[in-house]
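Undergrad: One structure, pasted below without further comment.
What follows is calculated from the coordinates using simple rules that are stated; it is not laboratory data. This structure is a prediction, so every number in the text was calculated from the model and none was measured. With ideal geometry, Cβ positions are generated from the backbone for all residues, glycine too; neighbour counts draw on all protein chains shown.
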Amino acid sequence: MVITSSLELQARGPDHFIDITGQVAGIIGQAGLRNGNVTLFVPGSTAGLTTIEYEEGVLTDMHELMERMVPSGTAYHHDAAWGDGNGFSHLRASLIGPSLTIPFSGGKMCLGTWQQVVFMDFDNRPRRRELVCQLIGE
């Protein structure tokens, strides 16, 4: 069986990281499936999905890592083309990736003890995001 739904989020802007583990678990529970995979996808090119330990130290480390790898204060060709100043946002999102697939068994995601599902918004302005959530299972 395939079930597709969505998850709506309000992101504040650059490096706003949101723990969506509980929301994804709720979608799996509502679907009534016991075993399968949940795939999450961000339509858009300035946000991504990953799993990390969602705690302040890791979140700060991630922000600092992104700033070192793809500095926000640097001029990017995208900014020259569009004038929107979010070239760094596109590059950061491409490093994380727009989708994530997680197996579930017995109706629960197969996550590690300290592992959470995290939405990462990198855009340079607040945005409403609608994630696609697709379950395949039985």
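Undergrad: What does the helix-only formula give at 222 nm for the chain: each DSSP H stretch with n ≥ 4 adding -39500 (n - 2.57), the total divided by the residues, and the result rounded to the nearest 500 deg cm²/dmol?
TA: Details: 4 runs with 41 residues, N = 138.
The per-residue figure over the chain is -9000 deg cm²/dmol.
Undergrad: Scan the range 1-86 for trypsin sites (Lys or Arg not before Pro) in coil per DSSP, keeping those whose Cβ has at most 15 other Cβ atoms within 10 Å, and list them by number.
TA: Working: sites: 12, 34, 68; in loops: 12, 34.
Those that pass, being in a loop and sparsely packed, are 12, 34.
Undergrad: Output the 0 to 90 degree angle, nearest 10, between the alpha-carbon long axis of helix 21-31 and the longest principal axis computed from the alpha carbons of the chain.
TA: For helix 21-31, the angle is close to 40 degrees.
Undergrad: Further question on the same structure: Please compute the contact order of the chain in relative form: average sequence separation of alpha-carbon pairs under 8 Å and at least six residues apart, divided by the residue count, as a percent. Could the numbers behind the result be given before it?
TA: Numbers: 277 pairs, mean separation 74.8, N = 138.
54 percent.
Undergrad: Also, I was wondering about something else. Which three lengths, in whole Å and largest first, does the range 39-104 cover when its Cα atoms are put on their principal axes?
TA: 44, 27, 13
Undergrad: With a 10 Å radius around each residue's Cβ, average the other Cβ atoms per peptide and rank 18-30, 115-127, highest first.
TA: So the order, starting with the most tightly packed, is 115-127, 18-30.
Undergrad: On a C-alpha basis, how far is the centre of the range 102-124 from the centre of the range 35-63 in Å? Whole number, if you could?
TA: 7
Undergrad: Where Lys and Arg each count +1 and Asp and Glu each count -1, what net charge lies around residue 86 among other residues with Cβ under 9 Å from its Cβ? Mind dumping the intermediate values first?
TA: Working: positive: 125; negative: 79, 84, 123.
Around residue 86, the charge tally is -2.
Undergrad: Could you give the angle, 0 to 90 degrees to the nearest 10, between helix 87-96's Cα long axis and the longest principal axis of the Cα atoms of the chain?
TA: On a 0 to 90 degree scale, this one is about 30.
Undergrad: Tell me, what ³J(HN,Hα) does each residue in the range 64-79 have, in order and in whole Hz, if you take phi through Karplus 6.51 cos²θ - 1.76 cosθ + 1.60 with θ = phi - 60° and put x for Gly and Pro?
TA: 5, 4, 4, 5, 6, 6, 9, x, 6, x, 9, 6, 10, 4, 4, 5
Undergrad: I need the fraction of alpha carbon pairs in the range 7-50 separated by more than 18 Å, rounded to a whole percent.
TA: Values: 319 of 946 pairs.
In whole percent, the share of Cα-Cα pairs in the range 7-50 beyond 18 Å is 34.
Undergrad: Ok, one more. Around residue 68, what is the net charge, scoring Lys/Arg as +1 and Asp/Glu as -1 over all other residues with Cβ under 13 Å from its Cβ? Working shown, then result.
TA: Values: positive: 92; negative: 15, 61, 64, 67.
So the surrounding residues net to -3.
Undergrad: Within 12 Å, Cβ to Cβ, of residue 40, how many net charges do the neighbouring residues add up to if Lys/Arg are +1 and Asp/Glu are -1?
TA: Numbers: positive: 129; negative: 130.
For residues surrounding residue 40, the net value is 0.
Undergrad: A follow-up question, please. If you take the C-alpha gyration tensor of the chain, multiply each eigenvalue by 5 and take the square root, what semi-axes do you get, largest first, in whole Å? Walk me through the intermediate numbers first.
TA: Details: eigenvalues 177, 52, 24 Å².
Whole-Å semi-axes of the equivalent ellipsoid: 30, 16, 11.
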